[in-house]
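*Asks:* Okay, handing you the structure first.
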Amino acid sequence: MDFANTPSFFRSGPPAGARLAMSVAASIVLLIGDSRYGLMEQAREALSLALYPVQRAVNLPAQAMRHVGDYLTSQTELKQENTALRARQMQMTAQLSRLQTLERELNELRRLNEIRSQRDDTAQIAETLYTGRDPFSYKIIIDKGADAKLLPGQPVVDSRGLLGQVTRVQPLTAEVTLIIDKNQMVPVMVERTGERAILYGYGGGVELRYLPQSSDIKENDRIVTSGLDGLFPEGIPVAMVTKVDRNAGAAFTRVSTQPLAGVQQTRYVLALQAKQTAARPAEPPPLPEKKTKGGRKSADEE
């Protein structure tokens, strides 16, 4: 294009003042038309739609940084909350375990007090201190001894049944041999039938021995003390029959039983007074000898 032959009006354009006046006039017209008739509404919508990708691209780094910050903050807060919740859960679990233990001990003490109130003897409630040190015997040490007037041979029970008997008494403590000890034997009877037998401990459990094949004993029969000896009162629950094995070739019925008392987990026990046997009447003193006048015994005495 040859600018040399172009008129100067088109080369330089209108003067600056004219252009300013034209721009101001166009702006006023557009403002009035837009405010009155909404002439620029569609243009603004089209322009915003065209510029939306550009706005998103410009704001994308800032949004990404904000999302990263929120993510890191959320992860840190979640980790802290998770740690706090785990610590809280451990505390609540420990408290629940302690409450369950206290509830169990309270129920044991309540039942022992009920048993004690039903008896007319001087039963003593004691606490288990520790188990015996001999791994081949089953014994516990309780916190009552000669100070509580305990004596060897006294039966010891818990809230569920017979636990054992006192075998050694110290000034402040006493040793209790459990019924599951291999040296323990308890005269018992089947509560349902009244049939008598001997319950033997075999080191970790109890069993009935020497029952004849004709014995009327069944599973789930309860075994109680018979009271035939001079130690255990009659009717104390001892064990439950778990299995009856009748072998035709054997002389006796094999009966497996399960102790009712908590022989391994009881904390509180009740030391009962040993059964009192009737005292044997004293023999009358011999009558003095009668003599006759001659110094001889009478005929009746001879």
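*Asks:* How many residues does segment 196-219 contain that are within 16 Å of residue 253 (Cα to Cα) and open to solvent by 50 Å² or more (accessible area, probe 1.4 Å)?
*Replies:* Residues meeting the conditions: 10.
*Asks:* Using beta carbons and a limit of 7 Å, which pairs, at least six apart or on different chains, have the first residue in segment 201-217 and assigned by the TED database to the domain that holds residue 184 and among the charged types (D, E, K, R) and the second one part of a loop (DSSP other than H, G, I, E, B) and open to solvent by 40 Å² or more (accessible area, probe 1.4 Å)?
*Replies:* Here the result reads 216/193; 216/195, each pair linking segment 201-217 to a residue that is part of a loop (DSSP other than H, G, I, E, B) and open to solvent by 40 Å² or more (accessible area, probe 1.4 Å).
*Asks:* Here is a further query. Does residue 166 satisfy the criteria of being under 18 Å from residue 231 (Cα atoms), open to solvent by less than 10 Å² (accessible area, probe 1.4 Å) and out of contact with any Phe, Trp or Tyr (no Cβ under 9 Å at 6 or more places or on another chain)?
*Replies:* So residue 166 fits the description; yes.
Each row is one residue, and each column tells you yes or no for (1) small (Gly, Ala, Ser); (2) modelled with pLDDT under 90; (3) open to solvent by less than 80 Å² (accessible area, probe 1.4 Å).
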{"site": "112", "(1), (2), (3)": "no, yes, yes"}
{"site": "122", "(1), (2), (3)": "no, yes, no"}
{"site": "141", "(1), (2), (3)": "no, no, yes"}
{"site": "156", "(1), (2), (3)": "no, no, yes"}
{"site": "172", "(1), (2), (3)": "no, no, no"}
{"site": "182", "(1), (2), (3)": "no, no, no"}
{"site": "186", "(1), (2), (3)": "no, no, yes"}
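*Asks:* Continuing with this model, one more query. Collect the residues in segment 249-272 that are buried (at least 18 other Cβ atoms within 10 Å of the Cβ), in a strand (DSSP E or B) and in contact with a Lys or Arg (Cβ under 7 Å, 6 or more places away or on another chain), keeping them in residue-number order.
*Replies:* 253, 270, 271, listed by residue number.
The values are calculated or read from the model by the stated rules, or taken from the named source; none is laboratory data. What you see is a predicted model, and the numbers here were worked out from it, not measured in a lab. In this analysis, Cβ positions are derived from the backbone assuming ideal geometry, glycine residues included, and neighbour counts consider all displayed protein chains. With ligands, DNA and RNA removed, areas are computed over all heavy atoms of the protein, side chains included. Shrake-Rupley method; radii C 1.70, N 1.55, O 1.52, S 1.80 Å.
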